[in-house]
């Protein structure tokens, strides 16, 4: 099965010198996957509307991003970042719509989104791509949606926006202790699986299978996956121990769920490994 890749060179246009969330990380993925072009169809994204952003965020936050009226030490105030954030959220919506038609879709968008809350930005994230996509789908259809977050950091923003949302569950595996310091307990429709720094890949995978059981029992109509490759053993920002073969296995297990599935890129900061790691994950999905 081929995979729809939602991607634009415009995602490469902005940069903050020395920042780990660099255009190079995405460029490496794009170049690596283009070498495997028989497996992928590249689709150009369209920016979402501001009204779509307001499904997940307050007018105050959207205005701050639009007007570049904010300061966060980890989240640079970059000219025209509102456009790039809208493009990334639009790509997420497109990916979800492809998934609803039974196709596997992966949004290679930046900036990432899972740390952006209803009224807060941070952690390299301005607006929450996953939450916007989920809210948009819920506006248009009444279905059950599961969100699986396998970025190495807890998606505190996605959890905040989706907690208590009828017909939705949020499931996260992440290093703890670690940024942003949340995700240590489960509550309502949010299920958290913290993993200790330095834990073995087996420990992580055991928790991954427990997370899958929750998703299976929920039996969603649509599965959104926030994937970060920063749980990789060579990622510079965390201390987890997954290897490429584990990402392949994760992809394979997700495919075995036989769900409509879309994927959004979140973190992953080792530009030497991220291309092959991403390919292994997608290759697992398609086997």
Item to check | Extension gain, residue 143 back to residue 286 (0.36 nm per residue minus Cα-Cα distance, nm) | outcome: 49.0 nm
Checklist outcome for this item: Ordered by fewest other Cβ atoms within 10 Å, a rough proxy for footprinting exposure, 235, 9 read 9, 235
Item to check | Part-to-part distance (alpha-carbon centres) for region 140-197 and region 46-69, which is given in Å | outcome: 22 Å
Item to check | Antiparallel bridge percentage (DSSP; both residues within region 3-286; nearest 5) | outcome: 5 percent
Checklist outcome for this item: By the mean-Cβ-within-10 Å protection proxy, highest first, 281-287, 152-158 rank as 152-158, 281-287
Next on the checklist: Distances longer than 13 Å among the Cα atoms of region 197-252: what percent of all pairs is that?
Outcome noted: 65 percent
Next on the checklist: Could you order the peptides 92-100, 175-183, 105-113, 43-51 from most to least packed, using the average number of other C-beta atoms within 10 Å per residue?
Outcome noted: 105-113, 92-100, 175-183, 43-51
Checklist entry - Taking Cα pairs under 8 Å and at least six residues apart, what relative contact order does region 3-286 come out at, in percent? => result 19 percent
Checklist entry - So between residue 36 and residue 257, what do we pick up on full extension, going 0.36 nm a residue minus the alpha carbon distance? => result 77.1 nm
Next on the checklist: If you build the convex hull over the alpha carbons only and average its shadow over all orientations, what do you get for region 92-220? Give it in nm² to one decimal.
Outcome noted: 7.9 nm²
Checklist outcome for this item: The answer for the per residue Cα convex hull volume of region 133-287, in Å³, is 99 Å³
Next on the checklist: If packing is taken as the average number of other Cβ atoms within 10 Å across a peptide's residues, how do 69-75, 250-256 rank, most packed first?
Outcome noted: 250-256, 69-75
Item to check | Ellipticity estimate at 222 nm from DSSP helix runs (n ≥ 4, -39,500 (n - 2.57)) divided over the chain, nearest 500 | outcome: -11500 deg cm²/dmol
Next on the checklist: Can you tell me, using C-alpha contacts under 8 Å and at least 6 residues apart, the relative contact order of region 180-249 as a whole percent?
Outcome noted: 28 percent
Checklist entry - If you take the C-alpha gyration tensor of the chain, multiply each eigenvalue by 5 and take the square root, what semi-axes do you get, largest first, in whole Å? => result 24, 21, 20
Checklist entry - Using the 10 angstrom Cβ neighbour count as an exposure proxy, how do 81, 274 rank, fewest first? => result 81, 274
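Quick note: the coordinates plus some simple rules give every number you see, no bench work behind them. On a predicted model such as this, the values are computed, not experimentally measured, just so you know. Here the Cβ is made from the backbone with ideal geometry for all residues, glycine too, and neighbour counts use every protein chain on show.
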